[in-house]
Amino acid sequence: MNNTIVIKVIILALLLYSCSRPAEKQSTTIYDVLDNTIETKVDSLLSIMTLEEKIGQMNQYNGFWDATGPEPEEGAAAKKYEHLRKGWVGSMLNVRGVKNVRAVQKIVVEESRLGIPLIIGFDVIHGYKTISPIPLAESASWDLDAIQKSAGVAALEASAAGINWTFAPMVDISRDARWGRVMEGAGEDPFLGSRIAEARVKGFQGENLAANNTIAACAKHFAGYGFAEAGRDYNTVDIGPSTLNNIVFPPFKAATDAGVRTFMNSFNELNGIPATGNKFLQRDILKNDWEFSGFIVSDWGSITEMIAHGYAKDGKTAAEIALNAGSDMDMESYLYVEHLARLVREDKVEKHLIDDAVRRILRVKYELGLFDDPYKYCNEEREKELIGSKANHEAVLDMAKKSIVLLKNDKKLLPLKKEGQKIALIGALANDKNSPLGSWRIAADDHTAVSVLEGMQQYKKNTLVYAKGADVSLGKTAFVTETKINTTDKSEFKEAIESAQNADVVVMVLGEIGFQSGEGRSRTELDLPGVQQELLEAVYKANPNVVLVLNNGRPLAITWADEHIPAIVEAWHLGSQSGNAIAQVLYGDYNPSGKLPMSFPRNVGQVPIYYNYKNTGRPVEPDPDIVFWSHYSDQQNTPLYPFGHGLSYATFNYENLVVDSVNSSIESPQVKLSVEVTNTSDVAGKEVVQLYIRDVFASITRPVKELKGFEMISLQPGETKTVSFVLDHTTLGFYNNDNSWIVEPGEFKVFIGGSSRNTIMSNFNLD
Ligand code: NOJ
């Protein structure tokens, strides 16, 4: 007998032995006996799997019946149950809680022939039950350690609930605030987005994926989803190679380099080819060029959707296209399990591609340690102890404070005085315990966030009077039943106006409810929904000392507010501890340091708007009488608040930007820079020092500014710190249209400052 046959015989013998024992009691697995490397284990297992069992690993089902209840007897649920038993399901999503996960895991482990454990996926987007700020808000912290820690807390809770795979981070860059899913990403910039992608992947996956408190991450949606035309979710994406390579791909590449174990493809088509059936994206770029060794899951039903796209004529063809293009796992299209075996027999799909997909899926399962113990995430005591713990709430409070951006603070209206003040608190969102949880918080208990009202009530030495004023209007947002839709009711304005008249300071909490952004929640307007703008103006007339606190999942166009309201605080949807975080910032117990990860437009007509735009052949012309330059006749080109903008209760001065040294070799350039930053105020504060460059002439036109570095520093009153940066091959180049990274000689401008707009400048040459 040759070696392979010997191994197979041993495996089969061990398999028979293992099947005779309840899987939960096994201490070592059959594959440990043979070899310890995961690759060998995967190969051994592959060699004894039938084609149907292999395809089963590529099939993912949604949770479909009360997993702890009786076995379903008919319909789709019964069919899925039967598939679990046969080993025709490799993963389930939306099964959560130890009891439920254990129940489904038990079916495959104990009843299927090979007992290959399921990988259990869930959208752990910003926390599991203890909810952290929406990802866009967290990104506003620019605090990579805090973001990594926050993902770690989410992983801790999710893993305690039996979950071992999150469909996060979403690393789609977007320049369009109309797109509801900007709440789920890191904003408009590929450099910041890449650093945040790395932090989130590390946070979810930790140092050791096999530990029971870490889970596999998923970089999504590959690719271009954030560039949906007109910001309408799922819409067509048509972008050229330069945008794809330099803007869209970098965070995905960064996630890959950080070791992300899975990818999700995307609903959209990219340049005429649906992402799910896109071989260039999945095989050429991701699996070949980037050497990604994990697996790709389709988005929900996205294989079937290729029929509606007009790309596949039926389900069978869709399965063929998706598999050949490199989609390894079918989420809820049922097409792999239905058609792949036949497609192999008809030679339309090559067996080695099936093996490749299954190998990738098994590899991740091994890495998670699921073969060592399929129930390793199923411990009721751990679940009870860890989910919703005090420590987790402290962590999300810390993250929430760091996510707040002070947009404006004229006349030092903030921080509020802590004593002897009469404060009118106005707005439905101020008394809302649900909206702060934001979109994508499936496992959270509704109405459990700390409201702004509750947060401010902690400061007892002031008099606080609350008046709703008006409801938030929603438009036709789906899935929201408890909030009034399209309300124009102004009957409560009067009470709000009176409370403002009697107050020293008014705090108004306005914006969007939690489900007004997120998947399927695109908007054509970016103003304050409903009658909130009218309420704001009426209250301002009664008392101009207004602090406007925004709760929203996307940049809003608040031009009137910027012109009139003295203090504006961007507080997003901040999660379970939202109200405490907001109150602590308003009262100065926490000095805000957040910076916008997306530009805020002056009106919706400016969208898409972003700081790293191209100069055009007709850039801004200062002479207002000349018409023919790239501009609008009714609005400025600049955003209301630029990318990177954010104030502090401290003030900072930047000077002495020095190019310390230049090694201008094109192969390995190195430019050292430094700048002095001084806290010119009498309070301590944190500042995010931002470094931008401009490659003045290049073989492909470059943006007017590109972020290439940032550092957060803390400064005591009057203190000065020197901040240094090094630019090198990885930051001085760009991708050309042949997908090659190049650094070109010539002049570079360098800008350093506290936002993309307020910078000081220098320059250097590479020759
Ligand atoms: C569709 C969304 O696009 C994706 O991001 C999510 O992970 C899946 N649904 C699963 O819920």
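The values are calculated or read from the model by the stated rules, or taken from the named source; none is laboratory data. Note that the coordinates shown come from a computational prediction; the quantities given were computed from them, not determined experimentally. Glycine also receives a Cβ, built like all others from the backbone with ideal geometry; neighbour counts cover every protein chain displayed.
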Checklist entry - Restricting attention to segment 643-662, does a residue exist that is closer than 29 Å to TRP290 by Cα and buried (at least 20 other Cβ atoms within 10 Å of the Cβ)? => result no
Item to check | Breaking point among (1) away from the ligand (no atom under 16 Å from the Cβ); (2) at pLDDT 95 or above, for VAL124 | outcome: (1)
Next on the checklist: So if I check each of GLY310, GLY326, which one is over 20 Å from ARG360 (Cα atoms) and more than 16 Å from the ligand (Cβ to nearest atom)?
Outcome noted: GLY310
Checklist entry - Yes or no: TYR377 among the aromatic types (Phe, Trp, Tyr), part of a loop (DSSP other than H, G, I, E, B) and more than 30 Å from PRO544 (Cα to Cα)? => result yes
Item to check | Filtered residue count, segment 673-713, keeping only those that are part of a strand (DSSP E or B), in contact (Cβ under 8 Å) with a residue 24 or more places away in the chain and not small (Gly, Ala, Ser) | outcome: 22
Item to check | Where GLU207 falls short, out of the listed (1) away from the ligand (no atom under 16 Å from the Cβ); (2) within 17 Å of the chain's Cα centre (by Cα) | outcome: (2)
Checklist entry - From the list GLY553, GLY579, GLY520, GLY575, which residue is surrounded by 24 or more Cβ atoms within 10 Å (Cβ to Cβ) and within 16 Å of the ligand (Cβ to nearest atom)? => result GLY553
Item to check | Filter result for the condition that a residue is under 18 Å from VAL704 (Cβ atoms), of a type outside the set (A, V, I, L, M, F, W, C) and in contact (Cβ under 8 Å) with a residue 12 or more places away in the chain, over SER599, SER593, SER576 | outcome: SER599
Checklist entry - Can you tell me which residues in segment 122-152 are under 21 Å from LEU437 (Cα atoms) and over 15 Å from the mean Cα position of the chain (by Cα)? => result LYS129, THR130
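Residues in segment 638-672 that are touching a strand residue (DSSP E or B) at 6+ places or on another chain (Cβ under 9 Å) and assigned to a loop (DSSP other than H, G, I, E, B): how many? Give the derivation first.
The initial filter retains those residues of segment 638-672 that are touching a strand residue (DSSP E or B) at 6+ places or on another chain (Cβ under 9 Å), namely 639-666, 668-672.
Cutting the leftovers down to assigned to a loop (DSSP other than H, G, I, E, B) gives us 639-640, 642-646, 648-651, 664-666, 668-669.
Number of matching residues: 16.
Considering segment 175-185 alone, what residues qualify as being assigned to a loop (DSSP other than H, G, I, E, B) and either more than 14 Å from the ligand (Cβ to nearest atom) or among the charged types (D, E, K, R) (or both)?
ARG175, ASP176, ALA177, ARG178
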Checklist entry - Of the residues GLY511, GLY469, which single one is surrounded by 14 or more Cβ atoms within 10 Å (Cβ to Cβ), more than 22 Å from ASN603 (Cα to Cα) and modelled with pLDDT of 95 or more? => result GLY469
Checklist entry - Across segment 270-293, which residue is farthest from the ligand (Cβ to nearest atom) among those that are more than 17 Å from PHE249 (Cβ to Cβ) and crowded, with 18+ Cβ neighbours inside 10 Å? => result GLY277
Checklist entry - Given the conditions (1) buried (at least 24 other Cβ atoms within 10 Å of the Cβ); (2) among the hydrophobic types (A, V, I, L, M, F, W, C); (3) in a loop (DSSP other than H, G, I, E, B), which single one is not true for PHE204? => result (3)
Item to check | Enumeration of residues in segment 426-476 that are assigned to a loop (DSSP other than H, G, I, E, B), over 30 Å from ARG96 (Cβ atoms) and of a type in the set (Ser, Thr, Tyr) | outcome: TYR459, SER473
Checklist entry - Mind checking which residues of segment 400-414 are within 31 Å of the chain's Cα centre (by Cα) and either part of a helix (DSSP H, G or I) or surrounded by fewer than 20 Cβ atoms within 10 Å (Cβ to Cβ) (or both)? => result ALA400, LYS401, LYS402, SER403, ASN409
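Residue-wise test of (1) within 23 Å of SER242 (Cβ to Cβ); (2) away from the ligand (no atom under 16 Å from the Cβ).
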| site | (1), (2) |
| --- | --- |
| SER139 | no, yes |
| LEU144 | no, yes |
| ALA154 | no, no |
| GLY162 | no, yes |
| ILE173 | yes, no |
| GLY187 | yes, yes |
| PRO190 | yes, yes |
| ARG195 | yes, yes |
| ALA216 | no, no |
Next on the checklist: Which numbered condition in (1) within 16 Å of the ligand (Cβ to nearest atom); (2) acidic (Asp, Glu); (3) surrounded by 24 or more Cβ atoms within 10 Å (Cβ to Cβ) is the only one that ASP233 fails?
Outcome noted: (3)
